[in-house]
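The values are calculated or read from the model by the stated rules, or taken from the named source; none is laboratory data. Please read all numbers here as calculations on a predicted model, not as lab measurements. Counting neighbours? That spans all protein chains shown, and the Cβs are built from the backbone with ideal geometry, glycine included. Note: areas computed on protein heavy atoms with side chains; ligands, DNA, RNA excluded. Shrake-Rupley method; radii C 1.70, N 1.55, O 1.52, S 1.80 Å.
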Amino acid sequence: KEEYLIAFPSQRCILENNMCVHFMGRQSMCTVQKEIQNSDFTLLLRDKNRATMAGFPTKIVESLSVGTPVITTKTSDLELYIEEGKQGFFVEI
């Protein structure tokens, strides 16, 4: 949590009053896959910029590989791999 707040200090108030966000620290890949698989969705929100349009987000691959749909923004070439309503949903931020 403290490392996150170094990167995003403006969110301190939100996190201190929120009981839904849990920072679990470093976890094994097996544990992460189980958590993703047990989730309703994976949420990945990114602004469109040079960096997000150039690469492919591995978090999407991790989610789809265990059958968990994603809610994400239209960055990279995700529209080629995610059929709206089937593997996930696109949103605008």
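Quick look at the values:
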{"read-out": "Value of relative contact order over the chain, rounded to a whole percent, pairs C-alpha under 8 Å and six or more apart", "value": "24 percent"}
{"read-out": "Counted charge near Tyr81, where neighbours are those whose Cβ lies closer than 14 Å (Asp, Glu -1; Lys, Arg +1)", "value": "-2"}
{"read-out": "Heavy-atom accessible surface of the chain: percent carbon and sulfur, 1.4 Å", "value": "54 percent"}
{"read-out": "Most mobile of Phe23, Phe56, Phe41 in a GNM of the chain (Cα contacts under 10 Å)", "value": "Phe23"}
{"read-out": "Principal semi-axes in Å for the chain [√(5λ), Cα gyration tensor, largest first]", "value": "24, 18, 13"}
{"read-out": "Contact order relative to length of region 41-93, as percent, for alpha carbon pairs under 8 angstrom and 6 or more apart", "value": "41 percent"}
{"read-out": "Accessible area of the chain divided out per residue, in Å², using a probe of 1.4 angstrom", "value": "77 Å²"}
{"read-out": "Solvent-accessible surface ranking, highest first, for Lys86, Lys34, Lys1 at 1.4 angstrom", "value": "Lys86, Lys34, Lys1"}
{"read-out": "Nearest-20 debye value, the chain charge dipole, Cβ charges on Lys, Arg, Asp, Glu", "value": "200 debye"}
{"read-out": "Size of charge dipole - region 8-62 - debye, nearest 20, with Cβ of Lys, Arg +1 and Asp, Glu -1, no other charges", "value": "240 debye"}
